[in-house]
1. Can you work out which of the residues in the stretch 272-281 that are over 21 Å from the mean Cα position of the chain (by Cα) and small (Gly, Ala, Ser) is surrounded by the most Cβ atoms within 10 Å (Cβ to Cβ)?
2. Tell me which residues, restricted to the stretch 168-186, are among the charged types (D, E, K, R) and part of a helix (DSSP H, G or I).
3. Within the stretch 61-88, which residues are open to solvent by 30 Å² or more (accessible area, probe 1.4 Å) and over 22 Å from residue 14 (Cβ atoms)?
4. Taking the stretch 187-207 as the region of interest, how many residues are part of a helix (DSSP H, G or I) and open to solvent by less than 20 Å² (accessible area, probe 1.4 Å)?
5. Output the residues belonging to the stretch 64-121 that are of a type in the set (Asp, Glu) and part of a loop (DSSP other than H, G, I, E, B).
6. Can you tell me which residue is nearest to residue 122 (Cα to Cα) among those in the stretch 149-160 that are open to solvent by 20 Å² or more (accessible area, probe 1.4 Å) and either out of contact with any helix residue (DSSP H, G or I) (no Cβ under 8 Å at 6 or more places or on another chain) or in a loop (DSSP other than H, G, I, E, B) (or both)?
7. In the stretch 2-17, which residues are buried (at least 18 other Cβ atoms within 10 Å of the Cβ) and among the aliphatic types (A, V, I, L, M)?
Amino acid sequence: MTEVAGKVETFLVGRLGPDVGPGEIARPSRLMEAMRHAVLGGGKRLRPFLAIETARMLGGSEAAALAAGAGVELIHCYSLVHDDLPAMDDDDMRRGKPTVHKAYDEATAILVGDALQTLAFEIVADPTWQPEARIRADLVLGLARASGLGGMVGGQLLDLTAEGRFGVANMDVDDTLRMQAMKTGAILAFSVEAGAIVGGADESQRAALLRYGLALGQAFQIADDILDREASPEAMGKATGKDKDAGKATLVDRLGIDGARAECDRLVGVCEDAVSSWGEGARILRDAARFTVARKT
């Protein structure tokens, strides 16, 4: 993961430089500086890691998978910038440094999120890294669906609903699972699917990998909720304990810490079963599922 993170960082540095690209008129220096603040020098890069390792397992192009994974990572970073805004979760720290609206201002932070989102689609649609138009179209369509109204953005709205922002909300376990599958799971699952698309997976292989990705996304969110209760702000690089104070819907609240851990273990089993047909070739994907629930940050 560290090796992949270094490659992703290098790729993103190249995309976030000051030089004007094709079709651009200018790159405002303040916007570029704030975008680099939001993206570079932090994060596990789990999403591009999943795209690259899935493509590798299938014999696909690492360069194409790296570009697709970097696009997903930019969507993730944009979501964090907007999620940290005062109108959303109102956070001051992210990855151990001030959030974008604290380091700059709210208007700049909103524009940073907008710019990262559009840059993500530009990268995924660029034939420089993926010459086959059909594959580019599949990647763009999948990323739009995972990040949009029926995925991440819709899940964020449901998360705010669970806080009681729009009236009394009573979310049961199924409601909570649906919200988390949209807000967090959809993008993580698409990271795996992106690798499957680049790697030329057939229909049955894509179905198996989607099952892996969905289970991984659920496990990741539950592990995150556990860390929010148990980890220190220093370890996480951001404030902890806020979800409970805000009344957010989590599986920890619904199942308790022990029940949530048991559900994480069950989901890891689903992940391992989903990729069992690849045998030793899927070892890193199996390790990634275990890492997701064992991580401390």
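The values are calculated or read from the model by the stated rules, or taken from the named source; none is laboratory data. Quick caveat: nothing in here was measured; it's all calculated off a predicted structure. Virtual Cβ from ideal backbone geometry, glycine too; neighbours counted across all protein chains shown. Note: areas computed on protein heavy atoms with side chains; ligands, DNA, RNA excluded. Shrake-Rupley method; radii C 1.70, N 1.55, O 1.52, S 1.80 Å.
1. Here the residue is 281.
2. 174, 175, 178, 183 - these are the residues of the stretch 168-186 that are among the charged types (D, E, K, R) and part of a helix (DSSP H, G or I).
3. Matches in the stretch 61-88: 82, 86, 87, 88.
4. 11
5. 84, 89, 90, 91, 92, 105
6. By that ranking, first place goes to 149.
7. 4, 8, 12, 16 - these are the residues of the stretch 2-17 that are buried (at least 18 other Cβ atoms within 10 Å of the Cβ) and among the aliphatic types (A, V, I, L, M).
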